[in-house]
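J.: What follows is a structure written as structure tokens; I'll ask about it next.
Please treat every number below as a calculation from the coordinates, not as lab data. This one's a predicted model, so the numbers in the text were calculated from it and none came from an experiment. Positions of Cβ are backbone-derived with ideal geometry, glycine not excepted, and every protein chain shown enters the neighbour counts.
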Amino acid sequence: MSSEPLACYQDQESPPKPMRTSFPVDSTQWPEIWQAAFRILEQTIVDGQLKAWIQPLTVVETEERQGKIRVRLGTPNDFSAEWCRDHFQKELEAAFSQVLGSVCEIDYIVLDTQNSQDSPLTDDPFEDFSPSGLEPSETSFVEHGSGKIESPMDFLEVLQDTQTTEEPKRVRPLQRTSAEPDAQPWGDFPSQQTIDPDYTFDDYIVGASNQFAHASAIAVAERPGRQYNPLFIYSDPGLGKTHLLYAIGNAIRQNNPGARICYLSAETFVNELIESLQKQKMPQFRKKFRSSFDVLLIDDIQFIAGKKQTEEEFFHTFNALYALKRQIVLTSDRPPKDIDKLEERIRTRFEWGLVSDVSPPEIETRIAILKHKAEKDDIFLPDDVATFLATHIKTNVRELEGTLIRLQAQASLTGSEISLEMTRNELRNLVSEEHSFITVDSIQQIVSKHYQIKLNDLKSSTRSKVVSLPRQIAMFLSRKYTGLGYREIGQYFGGKDHTTVLHACSKIEKGIDTNTEITDAVQQIQNLL
């Protein structure tokens, strides 16, 4: 290979030029090859998935085979390898082909992380052990959002192997420090809310709309406090955020029976804070939340926004738990950046770990959810009824399941079976017939006609205001009237990603209240629809 050293592409703005190499490549150059490929991948893979799946990879072997270069990437476990193979294989092969100037094939090998510097596994779920890793002076960093994360070469502590084996798997204990105060017994926490044992990962139907959030939740449950801390899950109401929160708690408790898990809603946290202030019990409140739990699960965290005293206490609680490497999982009805009146220092902490969204399920997933619910509750559900329900109830899983229960109750009371006719009658006041004729295509046509622009402009990448505002309005109305998920809507607009659609919907929703131009345009277009 050429004696000229490989350049580090971390700070370059343009993609690297192909490297002229001969093989075998010296192993000392693998990290720099990976840096160059990673720089390319940053331009094609969204930040959340880049951090979750691509960063943990590392180059462990390169060889020339039949005119092609095989690059073997090290992964932390089989689950990670399978995910990358299924979702990022083309992107990885293209990136390495561009860097090395030759056609590349990618395969994977699971790294042996059991021989790390972690102390041995123990049956004591709270025995102290020190995390492995490089000294701070040896670690290189790349910027990500509001904080710093380890570079791909150093970021090796990731997902625990999720595959089951015939022999029981020993579980790594949750981390504690020797300086940590003694825990109080569970009985001292009367406000502790119960985690429903019926909500597990096995009971969660996975589709394209929730696949990433589901995988992130499993990663946290397998390695609490060591992977994605905090985990922030957001979605519209009724799409399964709380189910994932329960599932995390149940999985951690199954793996670590002695784990101290606190689940509560943000409203309960606020109410307990108020009670502690009134009864002058703030020292007990602080000790409870800052040192007495290994895992803190809080639902609807957006509820604390604008409550100054609550935000202050939560800020210090977060810092204390994070320093002790305690796992924090939060849910919200919107991403951190869209939570109004939330202090910036708290917002940035929400983004330190991994932010993951759950979109409305696509029709196949909605049908699968209905059939799973019917099987679980021993309900006879014809296929045509399942399809009818999934077609008309698009944006709320809770409503979907509730309608099925209502149909079963009616069938039981009348001594009949659930039928399509019964379903139509039951939903006659719920389903707006005119909405069933509104499609993304019809919305795009009316929007383009209203603004006198070409239909293809809405699907283009043009960012001028003449096109971008109509496109955002069309996305907003598509979300409102069709119930499609952000990813599905993006496909109708030239393959835009879900974050673009989410941003458009949020902007128009806010603009309706503050911008006369947007308000008038949306009203006129809705009248036409």
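J.: What's the ranking of 394-407, 350-363 by average number of surrounding C-beta atoms within 10 Å, highest first?
T.: Averaged packing, sorted descending, gives the order 350-363, 394-407.
J.: Quick check on region 195-268: take the gyration tensor over C-alpha atoms, sort the square-rooted eigenvalues as a ≥ b ≥ c, and tell me if it's rounded (a/c under 1.5), prolate or oblate.
T.: rounded
J.: Moving on to the next point. For Val206 and Asp377, what is the calculated FRET efficiency with R₀ set at 30 Å and r taken between the beta-carbons, to the nearest 0.05?
T.: 0.90
J.: Ok, one more. Could you please rank Glu517, Glu91, placing first whichever residue has the fewest other Cβ atoms within 10 Å of its Cβ?
T.: Lowest to highest Cβ neighbour count: Glu517, Glu91.
J.: Which trypsin sites (Lys or Arg not before Pro) in region 423-529 sit in a loop by DSSP (not H, G, I, E or B) and have at most 11 other Cβ atoms within 10 Å of their own Cβ?
T.: Arg428, Lys454, Arg463
J.: Still on this model: If you average the C-alpha positions of region 54-97 and of region 355-400 separately, how far apart do those two centres end up, in angstrom?
T.: Computed from Cα coordinates, the inter-centre distance equals 36 Å.
J.: What is the distance, in nm, between label points placed 7 Å from the Cα along the Cα-to-Cβ direction at Met422 and at Glu509?
T.: About 3.6 nm, to one decimal.
J.: 7 Å from Cα along Cα→Cβ at both Val103 and Ile363: what's the point-to-point distance in nm?
T.: Simple spin-label model gives 3.9 nm for this pair.
J.: If you don't mind, another one. For the pair Arg345/Ala320, report the inter-label distance in nm, with labels modelled 7 Å from Cα in the Cβ direction.
T.: About 1.6 nm, to one decimal.
J.: Work out, step by step, the length gained on full extension between Leu529 and Glu63: first 0.36 nm times the residue separation, then minus their alpha carbon distance; give nm to one decimal.
T.: Answer, rounded to one decimal: 161.8 nm.
J.: To continue, here is another question. Would you please give the FRET efficiency between Ser461 and Arg286, computed as 1/(1 + (r/R0)^6) with r the Cβ-Cβ distance and R0 = 41 Å, to the nearest 0.05?
T.: For Ser461 and Arg286, the calculated efficiency is 0.20.
J.: Right, next: Rounded, prolate or oblate: which fits region 436-528 when a ≥ b ≥ c are the square roots of the eigenvalues of the alpha-carbon gyration tensor, with rounded for a/c under 1.5 and prolate only if a/b beats b/c?
T.: It is rounded, given that a/c, with a ≥ b ≥ c, falls under 1.5.
J.: Starting from the Cα gyration tensor of region 363-431, take the square roots of the eigenvalues, sort them a ≥ b ≥ c, and report rounded, prolate or oblate (rounded when a/c is under 1.5, otherwise prolate if a/b is larger than b/c, else oblate).
T.: Oblate is the answer for region 363-431, as a/c is 1.5 or above yet b/c matches or exceeds a/b.
J.: Starting from the amide H of Val59, placed 1.01 Å from N in the peptide plane, find each other amide H under 5 Å away whose residue is 5 or more places distant or on another chain.
T.: Gly74
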